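First comes the structure, then the notes that go with it.
The values are calculated or read from the model by the stated rules, or taken from the named source; none is laboratory data. Keep in mind that what you see is a predicted model, and the values were worked out from it rather than measured. Because the Cβ atoms are built from the backbone with ideal geometry, glycine has one as well, and the counts that use them run over all protein chains shown. For accessibility, only protein heavy atoms count, side chains too; no ligands or nucleic acids. Shrake-Rupley method; radii C 1.70, N 1.55, O 1.52, S 1.80 Å.
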Amino acid sequence: SVDDDKSTTRRDAILAVSPNRKKSSAEQIEDIEVESNIDMLLEMASNHLSLGKNELALQAYRRAMKRAFADVMSVKSRLEEIKRKQAELLLEEEELASINGAGGGGSNFLTQLLSPSSKDNVDVSELELSKKQELEFELSLLQVASRVADIHNNMGVVHEMNRSYKKAKASYCDALDVYHNTCKRFENNDDPDVDRTYRNVERMQNACESEEQFAALHEKASKIVKQAHT
């Protein structure tokens, strides 16, 4: 009836906006793909893991990795820009020093050029500011790169839970590469994150070897059984 149709429509509308309504996997994946905040993505991944939804957790970690990697590239770009500016300012200083050396110290032009209000002093100030910005961005790069390594480690844990030891080892190795090459953090140097990652790589290597040995023994046993029945 018409009344029943209206009732069904109202019920569907209530369910659509109800905060207690369980979302489908497709809706949860969509939530992950539209989220851009890394902290929120990590929280989503943690929640999915607690519910045993490992694949959704991996989706959230992959999205977080994409956002974190974009942050790394942005910081690197800014660092390169700052270093180019520093090179230009240093070149101006060298050219000015060359002019000063060639023209002597008695020139009114040079006296003006070297005065506190001269452009050169402005450039020196810009150079100091540029160096300060470089240090800030280098620190920022270490922070965002460390986050990338952490996400690699988290993905490794999920792969390990799924008994995908090769994938887990690859994730742990990726984390170790970031620690070594970008963060300049190394094992056996009172750095628990790096030491733990290094041990995880070794564990997964052993797990992969054990899995290969088990697979070989299983195949051998299967052949023996097959031969016994022929």
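Data for the structure
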quantity	calculated
Filter pass, LEU96 being in a helix (DSSP H, G or I), open to solvent by 60 Å² or more (accessible area, probe 1.4 Å) and within 20 Å of GLU126 (Cα to Cα)	no
Condition check for ALA102: in a helix (DSSP H, G or I) and modelled with pLDDT of 70 or more	no
All positions within region 160-183 that are surrounded by fewer than 23 Cβ atoms within 10 Å (Cβ to Cβ), of a type outside the set (D, E, K, R), assigned to a helix (DSSP H, G or I) and without any contact (Cβ under 8 Å) to a residue 24 or more places away in the chain	ALA170, HIS180, ASN181
Within region 138-159, considering residues that are open to solvent by 40 Å² or more (accessible area, probe 1.4 Å) and of a type in the set (A, V, I, L, M, F, W, C), the one farthest from HIS48 (Cα to Cα)	LEU139
Selected residue [touching a helix residue (DSSP H, G or I) at 6+ places or on another chain (Cβ under 7 Å), modelled with pLDDT under 70 and in a helix (DSSP H, G or I)] from LEU110, LEU15	LEU110
